[in-house]
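The values are calculated or read from the model by the stated rules, or taken from the named source; none is laboratory data. Bear in mind the structure is a predicted one, so any value in this text is a computation, not a measurement. For neighbour counting, all protein chains shown are included, and Cβ atoms are generated from backbone atoms with ideal geometry for every residue, glycine included.
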Amino acid sequence: MKKEEAEKRILKLRDLINDYRYHYHVLDESIMSEAAADSLKHELSELEAEYPELITPDSPTQRVAGKALDKFEKVTHEKRMISLSDVFSTSEVLEWIHRNEKLIPGGKIAEFFTDIKMDGLACALKYKNGIFVQAVTRGDGMVGEDVTLNVKTIQNIPLKIDIDEAEVRGEIIIFKKDFEKLKGEFANPRNLAAGSIRQLDPKIAASRPLKFIAYDLVKPNLPTHKEAYEMLRKLGFQTSGEDKVWKGSDIEGMFDYIKKLDEYRKGLKFNTDGMVIKINDRAIYDKLGIVGKTPRGAVAYKFPAEEATTVVKDIVISIGRTGAATPVALFEPVSLAGTTVKHASLHNADEIARLDVRVGDTVIIYKAGDIIPQVKEVLKELRPEGTEKFDFVAALKKQYPELEFERPEGEVVYRVTGESSDLILKRAIEYYASKPALNIEGLGEKNVIALVDSGMVKSIADLYRLKVEQVASLERFGELSAKNLIAAISESRHPKLAKFITALGIRHVGAQTAVSLARKFGSLDNLMEATVFDLLSIADIGEVVAESILAWFADEDNLALLKDLKTLDVWPEDESNANLPLEGKSYIVTGTLASMGREEAEDKLRALGAVVTSSVTKTTTALIVGEKPGKSKLEKADKLGISRISEAEFLKMITPSA
């Protein structure tokens, strides 16, 4: 992103994040999920890291939390209550480790300590002569609010401890089961806990099942964070639990532990969105100091978000196997619930209109059922100037000029006019089995019609479920022909990657483009993860073809088909990226060859790395000439000085040398 664009984006992000943080931390209201807000803040941090000259003191990245409320007495913290920098991947954790190791003696961090990150109201408890005397909220990190009377009502806080002077820090929370009974107007447990503590009448706090979960002992200052955690438990404070913390030097072991906690966190009594990772040695931790508003010695590793924000780069329309036109939003890639999301179905024209989603919009996305990415909301505050409403009918005409569409009365989906789902399926299977694709003998037009009309085959995947006795029961088949067909279908389970891509019938993707895709990506899994920039880097793929490929792999029906095929052990072989003898050369086969058909000859050329085209250009290496060649091709080749290769020379060229 250019600096001018980044500056505009940064200003909009700051305004929206500041508005969120004011509602969340000052008014105890929630205008969006914390995961979505984290995603916006992470984007802002990355832009400011790229353009540090655009950082200003009032940026959300430069402050800790909201202002202290006037309704409580303000208290200055003896030691700042700091927030932590968020990290969202193991690679970011490793970067944090490496930065710190450059700053410490010996260049090696001996031990880490991790604790589950609570989602509550941060608070500091002060003890003098062993007696609880004061509770102060974090506020802006320097000045908080005196909420002693309210906090004193929390039953799990000890009013007396075995240390003369101490400061304990932790989170005031409400367990999820208690929240369900009391939630009322509050959006989440954190808001309910914070709202309870910020009531002037302590009776309100006393009436609610609040908990204080301690995470740090600031005073006295013990040698390690682990020792401080253990001391908290000895003093009678409730902590996250010994099964929620980890100490050690094995970084991979730490990541494994965090992953395990992520897997079962939904079953915890309280809400959490991550783990706090600290350098265990407190002397080193303190010596590393603070940069900006966050300590160098600790980070908050956020679990894969259940919501995230991203930008809509384009909206394309996919024609599924039933003829339905499904709009798909293509995103700036974003991590969501542990996977990278690049697109999501927008379902139909009505859904686009309801969301008013446009190209260039920033959207909140989530995973429905933890599986399928969906667009939840458009953040219109971040909408660029000059965006236009998406015109579904105009987009259909632009992307599919040769097709006609209709929207049947009472339906929300546009469909190809005059095309039944059975007819589309028959064509798809015929193409899947054709010579340019998987070349499945016995799956010609009439047999495909018989299989589909019988109800035995309702998708391409059903071909691999067929039994000999089923097929033999059809009028067109006997036992032998049924066995032959089943054998031919079975032999197609692990085809060459390029052949399989061709067989999928992706619009605008013929045999040569399929070869280019296979060579570029090497596997179908890699192709499925491709971005528009990856696709446009291939010489013979333009914007229209790239959009068609992305739309096909974003269609839920198509993804379901691929998943079904994989379950049935139908998957293409990975393509070797080894140097091929004819790589970079381009040929045309014209006329009839005595030794093989034209399609077979073209396949052999492609297998050796050549590009095979149908028209003569300056880039054509040579013409392979059989009987009765095309006159116009020969004349144009002669005019451009392009050589001819006889069938005998061609056979030598494709035959491996001994």
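Results, tabulated for the structure shown:
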read-out: Residues that are surrounded by 16 or more Cβ atoms within 10 Å (Cβ to Cβ) and within 32 Å of the chain's Cα centre (by Cα), drawn from segment 229-245; value: SER240, LYS244, VAL245
read-out: Helices (runs of 4 or more DSSP H) contained in segment 515-623 and holding at least 3 residues within 30 Å of ILE642 (Cβ to Cβ) and of a type in the set (Lys, Arg); value: 598-607
read-out: Hey, ALA122 in contact with a helix residue (DSSP H, G or I) (Cβ under 7 Å, 6 or more places away or on another chain) and either at pLDDT 85 or above or hydroxyl-bearing (Ser, Thr, Tyr) (or both) or not; value: no
read-out: Meets criteria (among the hydrophobic types (A, V, I, L, M, F, W, C) and either at pLDDT 90 or above or in the same structural domain as ALA648 (by TED's automatic domain parsing) (or both)) for ALA601; value: yes
read-out: Sole exception among (1) surrounded by fewer than 16 Cβ atoms within 10 Å (Cβ to Cβ); (2) closer than 30 Å to LEU608 by Cβ for ASP453, by number; value: (2)
read-out: Residue list for segment 595-609, restricted to those being in contact with a helix residue (DSSP H, G or I) (Cβ under 9 Å, 6 or more places away or on another chain) and within 14 Å of ILE654 (Cα to Cα); value: SER595, MET596, ALA601, GLU602, ASP603, LYS604, LEU605, ARG606, ALA607, LEU608, GLY609
read-out: Members of segment 92-114 found to be of a type in the set (Gly, Ala, Ser) and either modelled with pLDDT of 90 or more or in contact with a helix residue (DSSP H, G or I) (Cβ under 8 Å, 6 or more places away or on another chain) (or both), listed by number; value: GLY107, ALA110
read-out: Residues satisfying the stated conditions in segment 255-276, i.e. out of contact with any strand residue (DSSP E or B) (no Cβ under 6 Å at 6 or more places or on another chain) and more than 17 Å from GLU171 (Cβ to Cβ); value: PHE255, ASP256, LYS259, LYS260, ASP262, GLU263, TYR264, LYS266, GLY267
read-out: From the options ALA428, ALA461, residue that is buried (at least 16 other Cβ atoms within 10 Å of the Cβ), assigned by TED's automatic domain parsing to the domain that holds TRP552, part of a helix (DSSP H, G or I) and out of contact with any helix residue (DSSP H, G or I) (no Cβ under 6 Å at 6 or more places or on another chain); value: ALA428
read-out: Matching entry among SER481, SER490 (being over 40 Å from the mean Cα position of the chain (by Cα), surrounded by fewer than 18 Cβ atoms within 10 Å (Cβ to Cβ), over 20 Å from VAL612 (Cβ atoms) and hydroxyl-bearing (Ser, Thr, Tyr)); value: SER481
read-out: Set SER646, SER615, SER632: member being surrounded by fewer than 17 Cβ atoms within 10 Å (Cβ to Cβ) and closer than 16 Å to ALA601 by Cβ; value: SER646
read-out: Residue match in segment 391-406 (condition: farther than 23 Å from LEU559 by Cβ and buried (at least 17 other Cβ atoms within 10 Å of the Cβ)); value: no
read-out: The lone exception for ARG476 - which of (1) outside any loop (DSSP other than H, G, I, E, B); (2) more than 30 Å from SER318 (Cβ to Cβ) it fails; value: (1)
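Every residue, every condition in (1) in contact with a helix residue (DSSP H, G or I) (Cβ under 8 Å, 6 or more places away or on another chain); (2) not in a loop (DSSP other than H, G, I, E, B), yes or no:
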{"residue": "MET456", "(1), (2)": "yes, no"}
{"residue": "ASN484", "(1), (2)": "no, yes"}
{"residue": "ALA487", "(1), (2)": "no, yes"}
{"residue": "ILE501", "(1), (2)": "yes, yes"}
